[in-house]
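Asker: Quick one: structure below, then a few questions.
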Amino acid sequence: MDNAYRIKFADKLVFMVCACLVGASYWHLWSDEPAQLAIIKGHQSQTQVITLHQDTTLSVTGALGTSSLEIKNRQLRFTDSPCNSKLCIQSGWHQRSGDIAACLPNRVSVQLARNDAARDYDAINF
Amino acid sequence: MTLLSIARYCLFAGMFALLVSVTGCSKPHREFNETVFTMGTLVEVTIIGEEEAVTDKAYAAILDDFSYMHNTWHPWQRNALARLNSLLKTGAAFSLAPSILPLIEHSAVLSEKSHGLFNPAIGGLVKLWGFHQDDYDAIFSPPDEDVIAEFLTDLPQMSDIEVDNLTMYGKNANLHLDFGGFAKGVAVDATIEHLREFGIENAIINAGGDLRAIGKRGNRPWRIGIRDPRSDGVFASIDISGDESVFTSGDYERYFMSQNKRYHHIIDPRTGYPADQTRSVTVVHSDAATADAAATALFIAGPEQWHRIATSMGIKFVMLIDKAGNVHMNPAMARRINFTQSTPEIILSKPL
């Protein structure tokens, strides 16, 4: 085999660096960092915080009407909303810290956040 | 069947029994948890150790309670309170409003004990600031200084309401009742009592972060996290067992921004402006209505005067975070509070 086609040390180094970068990117962007809290903002600029550690359903009054949310197995989703497009419902379950679920026409948004301490409490006072 | 087969069956049966017992241990009590948006906030109801039939009936009953109180006491909708407010301004006598009279009498006592810092009669001032609407994004600027100054020249008090047998009347044209710093506590008290009528002994009603807890969670106290006023994290925690309420007033709850300045909804009746010496106040007390009113009053009182007002209102557990982030507490509160991260420097007061 021609020497020009042989894998050299530098090639291996480049390959290893690339592999490390891909791995680090995957860990940074796709690692499953489950959220502990849902920060819910209604159209009245009121912020509510609710833990994801208890399965529940809740109704949030927005500008158009009532949006329904479901929390199950530490995930959250819109189950009903008065908007026309229903994009919020179609976006499905959200569970990672940083995820945002929103119904823009109804002005209801939910941001999931990580807070290790939250799971230790039965209720959050604020 | 060989001896080896019998031994295998015994081993399998033993492991199955162990699995069942372990699974049983992991779920020691039945838990009911529902959340509903009412009274302008999310109300979370948690009930432990009751049959589903009982919790379903109790939950339906307290939803009715919340709905009634929301419709009757809402500060800017057309309801019984709006009618009463319009009549109070006239100065003429009118027939008592039975759905609101208990709130007036109870809050008048607390207002006096707070030396007027908790003052539900200043709804007109709150309205001037624009907080009597659903959309705070629509508020762009504070009211004119002159308008506030004029209002303060004839500041209404709860004592301006006279109850005479079956009639009542107002003695101040600026009277406008707003039970925003009180109605949530009254509602939590009423619904906890309603749960007890169903025989429920272990429950939390958490109305937008302010709560009353009765009983315990299984074999341990209720564990309450207290939010950091400057982040979404938990700042401290406190254990509750028996029957106690935990209420916090903070400058982060309802506010608008104008020229890079934050204007929140807790208005100091002495100045006409949002109280600016405090980030948050947490009060622990037996009943939620008093805790609610006290949290508002102590927030306005600030780091210099909170101890005097708390003493006057009969409050035994207070934590106040001032505008610089210093933590003020009475010794009894300091013994109960657990900080989740590093322990801040605490400014201890005299005992309450």
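The values are calculated or read from the model by the stated rules, or taken from the named source; none is laboratory data. Not measured: the values here are computed from a predicted model. Please note: Cβ atoms are built from the backbone with ideal geometry, for glycine as well, and neighbour counts cover all protein chains shown.
Asker: Please return the ranges of strands (runs of 3 or more DSSP E) entirely within region B:179-241 where 1 or more residues are within 11 Å of chain A (Cβ to nearest Cβ), hydrophobic (A, V, I, L, M, F, W, C) and within 20 Å of B:A334 (Cβ to Cβ).
Answerer: It comes to B:222-227, B:234-240.
Asker: All but one of (1) touching a residue at least 24 places away in the same chain (Cβ under 8 Å); (2) on the phi < 0 side of the Ramachandran plot hold for B:G199, so report the exception by its number.
Answerer: Checking B:G199 against (1) touching a residue at least 24 places away in the same chain (Cβ under 8 Å); (2) on the phi < 0 side of the Ramachandran plot, the one that fails is (2).
Asker: Quick check on region B:90-98. Is at least one of its residues within 28 Å of B:P143 (Cα to Cα) and more than 21 Å from the chain's Cα centre (by Cα)?
Answerer: yes
Asker: Mind listing whichever residues of region B:310-325 are at pLDDT 95 or above and either over 15 Å from B:I238 (Cβ atoms) or in a loop (DSSP other than H, G, I, E, B) (or both)?
Answerer: Correct list: B:A310, B:T311, B:S312, B:M313, B:G314, B:I315, B:K316, B:D322.
Asker: I'm told B:I192 meets every condition in (1) buried (at least 22 other Cβ atoms within 10 Å of the Cβ); (2) touching a Gly at 6+ places or on another chain (Cβ under 6 Å); (3) not charged (D, E, K, R) except one. Can you identify the failing condition by its number?
Answerer: Failing condition for B:I192: (2).
Asker: Within region B:117-141, can you find the residues that are over 24 Å from B:A187 (Cβ atoms) and at pLDDT 90 or above?
Answerer: B:L128
Asker: Looking for whichever is more than 26 Å from B:E34 (Cα to Cα), touching a strand residue (DSSP E or B) at 6+ places or on another chain (Cβ under 9 Å), within 14 Å of another protein chain (Cβ to nearest Cβ) and part of a strand (DSSP E or B) here; the options are B:F140, B:F247, B:F256. Which one fits?
Answerer: B:F256 is the lone residue from the list that is more than 26 Å from B:E34 (Cα to Cα), touching a strand residue (DSSP E or B) at 6+ places or on another chain (Cβ under 9 Å), within 14 Å of another protein chain (Cβ to nearest Cβ) and part of a strand (DSSP E or B).
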